[in-house]
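Read the structure below first, then the notes.
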Amino acid sequence: MMGRVILDGNREQLFNHLDNYAYQRKSEIDRLALPSDAGLIKSYVLEASHQSDAAADVEAALSSPELRAVRLGAEDLFRVTNGMELLGWAEPFGSRFIALHSYQRTQKIDHVVRRVVGASPDLDFLWLSGEAFMLLWRNLILPAYPSSFVSVKCEQENRFESEPTQGPWYDDDQYPEDDLDSDSAAGPEHRAASSSFTDRARYLEDMLSNLQRLYPAFRAVKMLRIPATEQGGYDLWSWGKTTYRAPNFREGRARLLEIAQLYEQATAAIEEAIWLNMEPVQLPDGPSISIGGAPVTCEFSKPLTDQTFQNLVSTTFDQGKGPLRLWGVPIRLGERKVHVYGLDLHLWQRLYMELTPERFVFLLPRGTCGNTVQRLATNIQRFVDPAVELTIGAASYTEIMESVLLGREVVVA
């Protein structure tokens, strides 16, 4: 299946191969005859550290004990191996992002990618919150494909209501290709909601809006299927993974590249707004300091219970676990207030946090990656409060994302 011409070929040959592979798998899906050993094509968009407008450095970013990336000739395309095994192919998606394309089975590739990102301070995922999904849905998908079938998966878990479990956080996603059942223990009970919907876009819009209004857990969108031009679609997941369920690799890649570019613009706008910066200024009365930058505030729909609040702080900072990917030593100012002078484990940048059951406030100095805000928005919504309101200065996170999507000026003052 993967001959030498594919392993060492050029971009055109590789993309032709992936188009043919996607076509075969879609045909098998339609006939309910997908072989048990055939994985669907998947693309993972990873954020890498960036210092300029040059293309992301794929070889450096994916260099790890598990992975090795080797350039294919003169192409800006790389073969990625895991030991002696071919894992997939990677390419830069602009200056911030890397796309890793693979048709390894989900059980293998998902875990490899998550381990590599979790162990690297230079890498993070492209994070899509429920608000980001709904903006894509209402502005890009619904107007263009009102009669197409669309699938949405919503999932929200109040993980911190009960005592934290000891297992890894990022191994809990269902494997959408395989529909596997699990015999493993479910762990402590907590509130959880998980539902999937498939319908024509114009019908799904009304139903989903009503559900989100009545039951906020449906705001935590985990997956949205972007319709393909001909048939099928591309499952876009909240952590930047796309599964191809359509017969055209190139089309799915183009959709993902468009989303990554919009996301990059939004992340840059967030950085411009949030970076805490102090500069000396000369006033008539003498020298002073001008302080710029906007705080990031997560306002909960209702105060967290004391147990939820303490579990979240303990898991994130005392145990160094959890989905927020932050580190620090919590300074407890009573039972209901915590200060943290910590680090974002992506790029090891400092940040300052004030945490209470009512709200979390973050101050991010210049140089902190704006993707931190995207990660917080996505994971706090999914694991803490689906109705959390995130603001940057005086502007809501949703307003900033929508302004970028619609090409409007971003205003946070």
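For the reader, a short list of remarks on this structure follows.
- Options Ala33, Ala74, Ala56; residue that is in contact with a Pro (Cβ under 9 Å, 6 or more places away or on another chain), outside the structural domain of Arg255 (by TED's automatic domain parsing), at pLDDT below 90 and small (Gly, Ala, Ser): Ala56
- Scanning region 387-405 for residues that are over 21 Å from Thr356 (Cβ atoms) and either outside the structural domain of Leu326 (by TED's automatic domain parsing) or part of a helix (DSSP H, G or I) (or both) turns up Thr398, Glu399, Ile400, Met401, Glu402, Ser403, Val404, Leu405.
- Contact map, region 340-353: first residue within 13 Å of Gly370 (Cα to Cα) and free of Cβ contacts under 8 Å to residues at least 60 places away in the same chain, second residue buried (at least 17 other Cβ atoms within 10 Å of the Cβ) and among the polar types (S, T, N, Q), Cβ cut-off under 8 Å, separation 6 or more or different chains; pairs are Asp344/Thr368; Asp344/Thr372; Gln349/Thr368; Gln349/Thr372; Arg350/Thr368; Leu351/Thr368; Leu351/Thr372.
- Check on Gln174, part of a loop (DSSP other than H, G, I, E, B), modelled with pLDDT of 50 or more, closer than 26 Å to Leu376 by Cβ and of a type in the set (S, T, N, Q): no
- Scanning region 361-386 for residues that are surrounded by fewer than 17 Cβ atoms within 10 Å (Cβ to Cβ), of a type outside the set (D, E, K, R) and part of a loop (DSSP other than H, G, I, E, B) returns a single hit, Gly367.
- Those residues of region 185-197 which are at pLDDT 50 or above and more than 22 Å from the chain's Cα centre (by Cα), in sequence order: Ala186, Gly187, Pro188, Glu189, His190, Arg191
- Counting the residues of region 110-141 that are over 14 Å from the mean Cα position of the chain (by Cα), closer than 17 Å to Ala61 by Cβ and assigned to a helix (DSSP H, G or I) gives 4.
- For Ala119, the conditions (1) in contact (Cβ under 8 Å) with a residue 40 or more places away in the chain; (2) buried (at least 19 other Cβ atoms within 10 Å of the Cβ) are fulfilled apart from (2).
- Residue selected from region 286-328 under the condition among the basic types (Lys, Arg) and surrounded by fewer than 20 Cβ atoms within 10 Å (Cβ to Cβ), by the criterion modelled with the highest pLDDT: Lys302
- Test for Ser182: is it at pLDDT below 85 and under 28 Å from Leu312 (Cα atoms): yes
- So Asp37, is it touching a residue at least 12 places away in the same chain (Cβ under 8 Å), in a helix (DSSP H, G or I) and either more than 23 Å from Asp235 (Cα to Cα) or not hydrophobic (A, V, I, L, M, F, W, C) (or both): no
- Any hit, region 223-246, residues being touching a residue at least 12 places away in the same chain (Cβ under 8 Å), in a helix (DSSP H, G or I) and surrounded by 23 or more Cβ atoms within 10 Å (Cβ to Cβ): no
- Tally, over region 137-156, of residues that are among the basic types (Lys, Arg) and buried (at least 18 other Cβ atoms within 10 Å of the Cβ): 1
- Close pairs (7 angstrom Cβ cut-off, 6 or more residues apart or separate chains): in the same structural domain as Leu345 (by TED's automatic domain parsing) and under 20 Å from Thr308 (Cα atoms) in region 368-385, aliphatic (A, V, I, L, M) and in a helix (DSSP H, G or I) anywhere: Val384/Leu312
- Scanning region 295-346 for residues that are part of a helix (DSSP H, G or I) and polar (S, T, N, Q) gives Gln307, Thr308, Gln310, Asn311, Ser314, Thr315, Thr316.
- Subset of region 64-80 (residues that are part of a strand (DSSP E or B) and either in contact with a Phe, Trp or Tyr (Cβ under 7 Å, 6 or more places away or on another chain) or exposed (fewer than 13 other Cβ atoms within 10 Å of the Cβ) (or both)): Ala69, Val70, Arg71, Phe78, Arg79, Val80
- Top-ranked residue in region 9-24 [being in contact (Cβ under 8 Å) with a residue 60 or more places away in the chain and over 28 Å from the mean Cα position of the chain (by Cα); ranked as surrounded by the fewest Cβ atoms within 10 Å (Cβ to Cβ)]: Asn10
- Residue count for region 329-360, restricted to those that are on the phi < 0 side of the Ramachandran plot and surrounded by 15 or more Cβ atoms within 10 Å (Cβ to Cβ): 21
- Check on Leu262, outside the structural domain of His17 (by TED's automatic domain parsing), under 25 Å from Ala387 (Cα atoms) and crowded, with 21+ Cβ neighbours inside 10 Å: no
The values are calculated or read from the model by the stated rules, or taken from the named source; none is laboratory data. Just so you know, these numbers come straight off a predicted model, no measurement behind them. Positions of Cβ are generated from backbone atoms using ideal geometry, with glycine treated the same way; all protein chains shown enter the neighbour counts.
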